Amino acid sequence: MAMHAIYWKDDDILEVRLSDKPIAREVSESWHVHKSYTADGELAAVIILDAIKKGRFRSLAKSARRGNLG
């Protein structure tokens, strides 16, 4: 699977999916950033809450354009 992102505008949530494998566990890095891992420890997704409100979506988009995402 190619990496893809989904943005839920009504909830201001950005999800960046990195794997199609089932998610086995989730870790909160902070109040706004959560990571999901597969059973074999692979990073499957990154969830960003209040993505635009906290300015994280804009920063992520700039990083992606520069090729620095990942």
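Hey, can you tell me all the residues within segment 32-46 that are within 17 Å of residue 2 (Cα to Cα), open to solvent by less than 50 Å² (accessible area, probe 1.4 Å) and assigned to a strand (DSSP E or B)?
If the condition is that a residue be within 17 Å of residue 2 (Cα to Cα), open to solvent by less than 50 Å² (accessible area, probe 1.4 Å) and assigned to a strand (DSSP E or B), then 36, 37, 44, 45, 46 are the ones that fit.
Contact list please: Cβ distance under 6 Å, first residue in segment 11-30 and more than 24 Å from residue 52 (Cβ to Cβ) and assigned to a loop (DSSP other than H, G, I, E, B), second residue open to solvent by 70 Å² or more (accessible area, probe 1.4 Å) and of a type outside the set (D, E, K, R), pairs at least six apart or on different chains.
20/1; 24/39
The values are calculated or read from the model by the stated rules, or taken from the named source; none is laboratory data. Here the structure is a predicted model, which is why all the values come from computation and not from measurement. Positions of Cβ are backbone-derived with ideal geometry, glycine not excepted, and every protein chain shown enters the neighbour counts. Just so you know, the surface numbers come from the protein's heavy atoms only, side chains and all, with ligands and any DNA or RNA stripped out. Shrake-Rupley method; radii C 1.70, N 1.55, O 1.52, S 1.80 Å.
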